[in-house]
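J.: Here it is, the structure in full.
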Ligand code: PGA
């Protein structure tokens, strides 16, 4: 199944709340039309990963929200790919909150993607323009620059397994979702970029998601876009009924 829906729980839910949320999701997602990736906090990751494994449900996966670019060492408070190996199938990399609040640069993001591949984790690379860049007509250029730098350390073999999430920064957590038409335009540009750089086989295999104020009412309008292979959902993923609806569209 190509379509993928990612739940980014961000810094929400305690361990017991995460376990309850997962159980509710499982009970409510009866006929998933997508693979579903749940990204809890690091505190809950081990437990969520083990519960998901015990379900032996082919459509449910675990993702991390961050990874350090090094595999071990004196990096207080950080979590490495080696630690995540076997727990996280996926990892969100380059989320705008990490870029803007924690100062992550494209150079670091490229290294984090390499760390994912070293540790057999599929990166979900987030790219997107801020409001100023959109208003100045710089959205596409910003995204292409991010792709060029963020993918600079991956091999042609690895790149086909990356997932790219287009997330306009101004649409994240604001309730101001991008129009499907604008999203489609950007996705076409991303496709063109991938096609030119890596060839048709990679461009057609690689998955592109949309994220930014997705909810059960607007999700289908994005999933209907030809190049859209799924969604990255923040706020609405904390409501199990709403998220379960999105996973069954
Ligand atoms: P949102 O978050 O759905 O709450 O806008 C999306 C994201 O941060 O990935």
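J.: Compute log10 of I(q)/I(0) for the stretch 167-249 with the Debye formula, placing one identical point scatterer on every Cα and leaving out solvent, at q = 0.23 Å⁻¹, to two decimals.
T.: Debye intensities relative to I(0), on a log10 scale: -1.05.
J.: Taking the Cα of residue 28, stepping 7 Å toward and past its beta carbon, and measuring to each backbone N in the stretch 204-225: which are under 11 Å?
T.: 216
J.: What does the helix-only formula give at 222 nm for the chain: each DSSP H stretch with n ≥ 4 adding -39500 (n - 2.57), the total divided by the residues, and the result rounded to the nearest 500 deg cm²/dmol?
T.: On the way: 12 runs with 108 residues, N = 249.
The per-residue figure over the chain is -12000 deg cm²/dmol.
J.: For the chain, compute Rh as the Kirkwood radius over C-alpha pairs and then the Stokes-Einstein diffusion coefficient at 25 °C and 0.890 mPa s; write the answer in µm²/s, rounded to an integer.
T.: Numbers: Rh = 18.0 Å.
Roughly 136 µm²/s, to the nearest whole number.
J.: Suppose the chain between residue 221 and residue 105 were pulled fully straight at 0.36 nm per residue; how much longer would it get relative to their current alpha carbon spacing? Can you show the working numbers first?
T.: Working: separation 116, 0.36 × 116 = 41.76 nm, distance 3.17 nm.
Residue separation times 0.36 nm, minus the Cα-Cα distance, leaves 38.6 nm.
J.: Separation of the stretch 1-66 and the stretch 98-164 by C-alpha centroid, Å?
T.: 23 Å
J.: Which distance in nm do the two modelled labels at residue 76 and residue 53 give, with both placed 7 Å along the Cα-to-Cβ direction?
T.: Between residue 76 and residue 53, the label points sit 3.2 nm apart.
FYI, it's all coordinate maths here, none of it is from the lab. Keep in mind the model is a prediction, meaning the values are calculated, not measured. Virtual Cβ from ideal backbone geometry, glycine too; neighbours counted across all protein chains shown.
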